[in-house]
Amino acid sequence: MSSTIISETEQWVRRKLSHDTSGHDWYHIERVTTLARYLCKDTQADEKTVILASLLHDLADDKLIDDEEVGRQMIATWLKDKHVSKEIIDHILLIISTVSFKGGTGSPMETLEGQIVQDADRLDALGAIGIARTFTYSGHKQQPMYDPSLPTREDMSVEEYRHGQSSAIHHFYEKLLKLPALMNTPKGIALAEERAQYMKSFLQQFYSEWTFTE
């Protein structure tokens with residue numbers, strides 16, 4: 001697999017996501033790919049599969065498109081036209097189909113390459129970037145910053161996770177702070193715990209300001 005395929009895929013994905021305002025834009029893809037490269041070092045994972053899956057993972061995500069199967073077919077056609085082998089295409093599609101949290105209902109990632117991509121994607125949902133993306137996505141979905149009258153949802157279906165009533169702050173408990181325990185790789189676990197600690201500090205400050213009285 002040539003480096004040309006990777007550079008052409010970067011350009012294609014950049015064009016596809018150039019107008020995204022949900023926090024799943026090209027810069028998210030770029031950060032995830034950089035993290036995946038880091039997690040891939042000193043492992044037996046196939047780096048080019050990791051990179052391509054990182055670049056393509058949001059093009060078949062139901063947060064961004066109406067039909068995930070249409071997205072997967074688009075990705076498969078792109079890779080086939082670039083003469084990527086069927087084995088690698090199938091592997092990339094497996095990673096993309098399994099990478100998302102989906103309310104905690106997703107299947108475990110089957111391959112090391114997939115575990116690396118999933119960890120990289122989840123790391124970008126944590127820390128300072130994760131906080132910023134949470135509020136960006138909540139605004140995109142027209143959800144409130146915080147509504148203390150809402151319950152924190154548990155054991156959600158994919159439908160409830162995607163479309164149920166929630167808030168940006170609730171999302172910390174419904175997904176983000178669960179991620180460190182779901183990481184796959186040693187380096188991913190270490191980074192996730194560090195970034196989650198930052199988020200917990202943010203929440204403490206948020207609540208102190210929310211409940212401020214004279």
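Structural remarks
- Centre-to-centre, using Cα atoms only, region 187-213 and region 55-130 are separated by 28 Å.
- Helix 186-210 vs. the chain, principal-axis angle (Cα, 0 to 90°, nearest 10): 30 degrees
- Among (1) 47; (2) 38; (3) 32, the entry that matches percent of Cα pairs over 25 Å apart as calculated here: (2)
- FRET efficiency, 1/(1 + (r/R0)^6) with R0 35 Å, evaluated for Gln142 and Phe212 via beta carbons: 0.85
- Folded to 0 to 90 degrees: helix 112-123 orientation relative to the chain principal axis, Cα: 30 degrees
- Förster-model FRET efficiency, 45 Å R0, Gln44 and Gln165, C-beta, rounded to 0.05: 0.55
- Above-threshold pairs, the threshold being 26 Å between Cα atoms, out of Lys16/Lys200; Lys63/Lys178; Lys41/Lys141: Lys16/Lys200; Lys41/Lys141
- Listed residues Leu39, Leu203, Leu191, most fluctuating in the chain (Gaussian network, C-alpha, under 10 Å): Leu203
- Average Cα contact separation per residue, region 49-168, under 8 Å, 6 or more apart, as relative contact order %: 23 percent
- Simple spin-label estimate for His83 and Gln11 in nanometres, 7 Å along Cα-Cβ: 1.7 nm
- The residues of the chain expose on average 52 square angstrom of accessible surface per residue, using a 1.4 Å probe on protein heavy atoms.
- The chain: most fluctuating residue of Pro186, Pro148, Pro108 per GNM, C-alpha cutoff 10 Å: Pro148
- Adding -39500 (n - 2.57) for every DSSP H run of four residues or longer, then dividing by how many residues the chain holds, sets the calculated 222 nm ellipticity at -19500 deg cm²/dmol.
- One decimal place: the segment Asp155-Asp61 gains 31.8 nm when fully extended, by the rule 0.36 nm per residue minus the C-alpha distance.
- Mean separation of Cα contacts under 8 Å, 6 or more apart, over the residue count of the chain: relative contact order %: 20 percent
The values are calculated or read from the model by the stated rules, or taken from the named source; none is laboratory data. The structure displayed is predicted, hence computed values, not measured ones. As a convention, Cβ positions derive from the backbone with ideal geometry for all residues, glycine included, and neighbour counts pool all protein chains shown. Surface areas here come from the heavy atoms of the whole protein model, side chains and all, with no ligands, DNA or RNA. Shrake-Rupley method; radii C 1.70, N 1.55, O 1.52, S 1.80 Å.
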